[in-house]
1. Only one of (1) open to solvent by 10 Å² or more (accessible area, probe 1.4 Å); (2) under 27 Å from the mean Cα position of the chain (by Cα); (3) of a type outside the set (Lys, Arg) is not met by Glu137, so which one is it?
2. Return yes when Ser96 is farther than 14 Å from Val85 by Cβ and over 19 Å from the mean Cα position of the chain (by Cα) and no when it is not.
3. Which residues, counting only those in region 140-151, are surrounded by fewer than 24 Cβ atoms within 10 Å (Cβ to Cβ) and of a type in the set (A, V, I, L, M, F, W, C)?
4. Find all pairs meeting these conditions: Cβ atoms under 6 angstrom apart; at least six residues apart or on different chains; first residue within region 101-130 and open to solvent by 70 Å² or more (accessible area, probe 1.4 Å); second residue of a type outside the set (Val, Ile, Thr).
5. From the list Ala241, Ala193, which residue is crowded, with 24+ Cβ neighbours inside 10 Å and farther than 22 Å from Val138 by Cβ?
6. Taking region 97-143, which residues are closer than 21 Å to Gln157 by Cα, in contact with a Phe, Trp or Tyr (Cβ under 7 Å, 6 or more places away or on another chain) and of a type in the set (S, T, N, Q)?
7. Tell me, which helices (runs of 4 or more DSSP H) lie completely within region 151-252 with 2 or more residues that are within 17 Å of Arg134 (Cβ to Cβ) and of a type outside the set (S, T, N, Q)?
8. Are any residues in region 89-100 open to solvent by less than 80 Å² (accessible area, probe 1.4 Å) and polar (S, T, N, Q), and if so, which ones?
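The values are calculated or read from the model by the stated rules, or taken from the named source; none is laboratory data. What you see is a predicted model, and the numbers here were worked out from it, not measured in a lab. In this analysis, Cβ positions are derived from the backbone assuming ideal geometry, glycine residues included, and neighbour counts consider all displayed protein chains. Note: accessible area is taken over every heavy atom of the protein model, side chains too, but ligands, DNA and RNA are not part of it. Shrake-Rupley method; radii C 1.70, N 1.55, O 1.52, S 1.80 Å.
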Amino acid sequence: MNKKYAFFGLVFFVIAALCSAQEDASEQTVPAENPSVVPLAEERVLPPAPAEVLRPSRPAPAQNTSRQKPDALKLYSAGRYAEAVTVCEQEIKEKSDNIESYVVLCWSLVRNRQYSEAEYWALQGRKISRYDQRLVEVLGEAKFYLGQNREALALFQEYISLVGAKGSRLGEAYYFMGEIYIRLARYNHADIAFSQAVRTEPLYDYWWTRLGYAREMAGSFALSAAAYEKALELNAGQADALRGRDRVRARL
């Protein structure tokens, strides 16, 4: 009897298991989404996530809505000297130790023929950076145009000692020294300075003309004629060189 009941219990258990399996199969006809699998774009387009879910992994860069500040050096290079001056003065108000602003300001003031202002700001800049070679040179230019010959000469000599043979305005420094020596009637010294200038920058016809004049005033007529000729090779219409060549030829 016990074996009979055990047999019927086993049959009942098998039938129940089969029914349960059929019910599970019917529930799996609609597949559940697997969040770990990302579908291809063409297969399914997901709706946008709620705003509170969209958390970037790193903060997005802040948008700069303010107007871009003008570049003083670009303004200077474009010949817009007055605008460059305004920009540099504002920069110095905002950051009084910005040496680059002093340099571009002084360059712009000299080109704008504001020599006293250039002298003032160069001196202010040198309080911050005493041996900045650019400020030394541009201060020399300002003093040259103000007629302060000996002070200018000392500054150009200082500039040359600072930069050696690699200064970007080495030729200009020698040129200005030559002009100062002519003012001082020291023509042999002017010859030496202008010779260095044209050795550094050999393509400026006016510098060759001034070298010819210095030599002419020193009585070196043959060398003067050679300098005038070089100027005319570079610029056949250089009027001062033409006149100078004619003068020294008459003395040879």
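1. Failing condition for Glu137: (1).
2. Working: farther than 14 Å from Val85 by Cβ: yes; over 19 Å from the mean Cα position of the chain (by Cα): yes.
Here the answer is yes, as Ser96 does meet what is asked.
3. Taking region 140-151 first, the residues surrounded by fewer than 24 Cβ atoms within 10 Å (Cβ to Cβ) are 144-151.
Across region 140-151, the qualifying residues are Phe144, Leu146.
4. The qualifying pairs are Arg111/Tyr81; Glu117/Leu109; Ile128/Asp97.
5. Working: Ala193 fails: farther than 22 Å from Val138 by Cβ.
Selected residue: Ala241, the only one of Ala241, Ala193 that is crowded, with 24+ Cβ neighbours inside 10 Å and farther than 22 Å from Val138 by Cβ.
6. Result: Gln124, Gln133.
7. On the way: elements: 170-183, 187-200, 205-218, 221-234, 239-249.
So the answer is 170-183.
8. The initial filter retains those residues of region 89-100 that are open to solvent by less than 80 Å² (accessible area, probe 1.4 Å), namely 89, 91-92, 96, 98-99.
Of everything in region 89-100, those that are open to solvent by less than 80 Å² (accessible area, probe 1.4 Å) and polar (S, T, N, Q) turn out to be Ser96, Asn98.
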